[in-house]
Amino acid sequence: MVNNNIIEQIYQPNGRQIKFDDNLRVYNLGCGKQHYPGVIGVDWDEAKTIDIKHNLDISPWPIPDNSADIILAFHFIEHASSLLNVFKEMHRIGKNGCRVIIEVPHFRSSSAYKDPTHKNFFTCKTINYFCKNNHTFTNLPFKLKLVDISIGWPAVKCNFIKRWFKNWLKKHQDFYDNRLYMLFPVKILVFELEVVK
């Protein structure tokens, strides 16, 4: 079981640093050509970095139930045909307490629209629909808990004002999506979820 904030561990000012304990089972969904030591890459592509070749739009995924300690989804779920199916499968393969890191383009970023294979678009609160305290989908067959969100690149150098502003944005997500985006645009949103069983 993972107890610390994985976003802070992965995202550094100079890029992602993917290094986990050897005893953790980590899956990188939709990995493409991304390969990280000790991480199991899952995708349908012919890249040599893929450990499990599978179209993630087809379920069940060829991953055992309750096997994942950490699930990484860097720019994958915006391509998925069914978000509900993706979240059901992540819940199925995750152990209780499994952390899920999701990185997607912000819906107002040009990155969200320039790729014609993108099928889903994300505000700061889109992921909330799949979390256990959501009152919209009360009959979801799974439970996830939102642990953290980062609006923009999560790592901030030792600048107090930037850190304060990023924390303020977490508390005012609708205001950011509707108003502040024009002044302070970001390219990505990063979510950290926890599987609850």
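The values are calculated or read from the model by the stated rules, or taken from the named source; none is laboratory data. All values reported here derive from a predicted model rather than from experimental measurement. Reconstructed Cβ throughout: ideal geometry from the backbone, glycine too, with neighbour counts over all protein chains shown.
Just one of the listed residues (187, 157) is at pLDDT 90 or above, basic (Lys, Arg) and over 20 Å from residue 71 (Cβ atoms), and it is 187. If you check residue 60 against the conditions, is it loosely packed, with under 15 Cβ neighbours inside 10 Å, of a type outside the set (S, T, N, Q) and over 20 Å from residue 150 (Cα atoms)? Here the answer is yes, as residue 60 does meet what is asked. Against the definition (under 20 Å from residue 11 (Cα atoms), at pLDDT 90 or above and surrounded by 14 or more Cβ atoms within 10 Å (Cβ to Cβ)), how does residue 100 come out, yes or no? Taking the combined requirement at face value, the residue satisfies it. Annotation: residue 33 fulfils all but one of (1) at pLDDT 95 or above; (2) closer than 22 Å to residue 16 by Cα; (3) out of contact with any Pro (no Cβ under 9 Å at 6 or more places or on another chain); the unmet one is (1).
Restricting 55, 5, 14, 28 to residues that are surrounded by fewer than 14 Cβ atoms within 10 Å (Cβ to Cβ), modelled with pLDDT of 95 or more and within 25 Å of residue 189 (Cα to Cα) narrows the list to 55.
Selection of strands (runs of 3 or more DSSP E) fully inside the stretch 33-131 by the criterion of at least 2 residues being over 16 Å from residue 194 (Cα atoms) and touching a helix residue (DSSP H, G or I) at 6+ places or on another chain (Cβ under 9 Å) returns 94-105.
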